[in-house]
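Everything below concerns the one structure shown next.
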Amino acid sequence: MKLAAQILQTVFGYDAFRPPQDQIIETVIAGGDALVLMPTGGGKSLCYQIPALARPGCGVVISPLIALMQDQVNALRQLGVRASFLNSTLDPGQAMQVEADLARGELDLLYIAPERLTQERTLTLLEGTAVALFAIDEAHCVSQWGHDFRADYLQLTLLHERFPTIPRIALTATADERTRAEIIQRLDLGNAQRFIAGFDRPNIRYRIALKHNARQQLLRFLKDEHPHDAGIVYCLSRKKTEDTALWLQQQGFNALPYHAGLDSRIRADYQARFLREESVVMVATVAFGMGIDKPDVRFVAHLDMPKTVESYYQETGRAGRDGAPANAWMVYGLQDVIKLRQMLDNSEGSEEHKRAEQHRLNAMLGLCEITSCRRQSLLKYFDEDLPEPCGNCDTCLEPVATWDGTEAARKALSVVYRTGQRFGVNHLVDVLRGSEGERILQYDHQKLPTWGVGKDLDNNQWRSVFRQLVARGYLRVDMERFGALCLEEKCRALLRGDEAIQLRKDAPRKAAKQQTRNVLPDDIDVALWEALREQRRTLAEDQGVPPYVIFHDRTLQEMCVNMPRSPQEFGRLTGVGERKLGKYGEAFIDVIERHLAAVG
Ligand code: ADP
Ligand code: ZN
């Protein structure tokens, strides 16, 4: 382990491991298999990079994310690590060069796409070289239930068959119990040590607000809190990503759309811009994001609700990998529930599968409607207990008022029943409010005993009641009948008067402006910060790499605070290893000296 600690220091410039990194690294260096579950930003890469450097031979990293390999390799080369990749973006000559380097034992790390690895030619090549380890990144891609499923991953069992003595480490940020079992089974990892790091991402602030005018809400959020930051806005449909991106451009934001229907060259180009420029807002479907290891994504916004808590956690987890404050922001409404129900009903799959999906959707709804700490609830979903409310989510920061909704809920359920469980929410609200509209008269609904019994609440309040009844499983949306609400078994006790229900009081539309959050600590000199960023930008452009590959924001911040003037001092900064000290130390020390001279 002394060697591992030394590599951490001299190559990566970090002082200490984040547990359980040390245990994982020890296991793999000793030749054992490992299954690693760690949240995004937890530091999974070091878990195989350091053993690859410590063990003889080349570490082979299997990753589904071809577009990112170049950046990963660039970042490693910056540290002086001999890294390369093999995938379909290389021409035959380049690929041969990489293979020759590998055969000569001149590589520390090789990133490879699964379809490439499983070719007989590649396997034979690997059999003839010293392999330090196999790292299977994004291991949840073996799961046929997940939306990241990759058929090529199923063939990875052959690693164990062809290379029985070489340690394997499988890593993922998303795996519920079922996916975990699937990974172990499909990758033949029964004997692997399991390492499950806590799921909490304390630097992410979770907020879920009611949707009324989503675009305006988004605009205010961006203007108030992230006018110059990089972030992701998730939408459900391809068209919506394009429309929203265009609209944000008109509002002056550096916004780009991203979805699986765009030409692959355009996608690659936009992704590169997101990584290289410092303030791109990517408006995307879920096709964007897996493995995007841009550390300084400052916010993830959802204009549509994700289907499951796993997806929500995974998508929001792309914010703030560098540990600095970041926002997870979402707006949602009844319409989201109806749309997701519809997609679910129209999807392929067995009844059992649909039921399981429904169950997961309900858990997501529960998270939206909860009145206690969101983080506690989120972690509980992953079987983790947070003893105290977090103090960094909307429900903690602005406690939600509740009201006794028992009477209202009974009226709502009863109007559903009396109208034959055939009508959608708008009509039901009309009946309760005593409307004399055309459709009411057409069905003779003005004669029902529930007609007009709900004049005490306005339209929005009733919609809120229905939304919460659906979210909590008292009502179901029947898509075969165009969004009609139907009673669920669960509502009996409530209807009989055996049960009371507390409902969420929806915040008024003009919610108090949340305190603006800034990544920069208050006491740092903005002029110096900007000068250091400029230096970083120049160096990055010269080499065609993203700025964070030179140094992370955190390292720049430490420069502002410590103002190192000598190479020794500079080498003590987080993220400065030997290689980067030699390569960049002088350039940044110069900036600091010039700044100090200018301010006298
Ligand atoms: P993951 O792959 O789990 O999402 P990464 O491996 O990209 O996370 O690591 C996230 C960030 O944390 C990176 O910027 C990485 O350099 C940093 N990091 C990882 N381990 C440590 C450590 N022991 N000390 C300081 N920073 C670390
Ligand atoms: Zn909280």
Number of the exception - residue 463 against (1) assigned to a loop (DSSP other than H, G, I, E, B); (2) touching a residue at least 12 places away in the same chain (Cβ under 8 Å): (1)
Residue in the stretch 357-376 that is farthest from ligand 2 (Cβ to nearest atom), counting only those that are open to solvent by less than 50 Å² (accessible area, probe 1.4 Å) and small (Gly, Ala, Ser): 363
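For the condition modelled with pLDDT of 95 or more, on the phi < 0 side of the Ramachandran plot and either more than 16 Å from ligand 1 (Cβ to nearest atom) or among the aliphatic types (A, V, I, L, M) (or both), what is the one hit in 380, 411?
None of the others qualify; the one that does is 411.
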Lone unmet requirement of (1) farther than 26 Å from residue 326 by Cα; (2) of a type in the set (A, V, I, L, M, F, W, C); (3) open to solvent by less than 20 Å² (accessible area, probe 1.4 Å) for residue 37: (1)
Selected residue (criterion: nearest to ligand 1 (Cβ to nearest atom)) from residues of the stretch 180-213 that are of a type in the set (Val, Ile, Thr) and open to solvent by less than 20 Å² (accessible area, probe 1.4 Å): 204
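Quick one: which residue in 27, 40 is touching a residue at least 24 places away in the same chain (Cβ under 8 Å), over 20 Å from residue 188 (Cβ atoms) and away from ligand 2 (no atom under 16 Å from the Cβ)?
40
Yes/no matrix, rows are residues, columns are (1) assigned to a strand (DSSP E or B); (2) at pLDDT below 90; (3) open to solvent by 70 Å² or more (accessible area, probe 1.4 Å); (4) not hydroxyl-bearing (Ser, Thr, Tyr):
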position	(1), (2), (3), (4)
486	yes, no, no, yes
498	no, no, yes, yes
532	no, no, no, yes
568	no, no, yes, yes
Residue list for the stretch 466-480, restricted to those being in contact with a Phe, Trp or Tyr (Cβ under 9 Å, 6 or more places away or on another chain) and either farther than 24 Å from residue 493 by Cα or not in a helix (DSSP H, G or I) (or both): 475
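Yes or no, residue by residue, for (1) outside any helix (DSSP H, G or I); (2) more than 16 Å from ligand 2 (Cβ to nearest atom); (3) not charged (D, E, K, R):
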position: 378; (1), (2), (3): no, no, yes
position: 389; (1), (2), (3): yes, no, yes
position: 411; (1), (2), (3): no, yes, no
position: 436; (1), (2), (3): yes, yes, no
Filter result (at pLDDT 95 or above and in a strand (DSSP E or B)) within the stretch 32-85: 34, 35, 36, 58, 59, 60, 61, 62, 83, 84, 85
Subset tally (residues that are among the aliphatic types (A, V, I, L, M), open to solvent by 20 Å² or more (accessible area, probe 1.4 Å) and touching an Asp or Glu at 6+ places or on another chain (Cβ under 8 Å)) for the stretch 214-254: 1
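The values are calculated or read from the model by the stated rules, or taken from the named source; none is laboratory data. Bear in mind that the values here come from a model prediction, so they are computed numbers and not experimental data. No Cβ is skipped: glycine too gets one built from the backbone with ideal geometry, and neighbour counts run over all protein chains shown. What goes into the accessible areas is simple: the full protein's heavy atoms, side chains included, and nothing from ligands, DNA or RNA. Shrake-Rupley method; radii C 1.70, N 1.55, O 1.52, S 1.80 Å.
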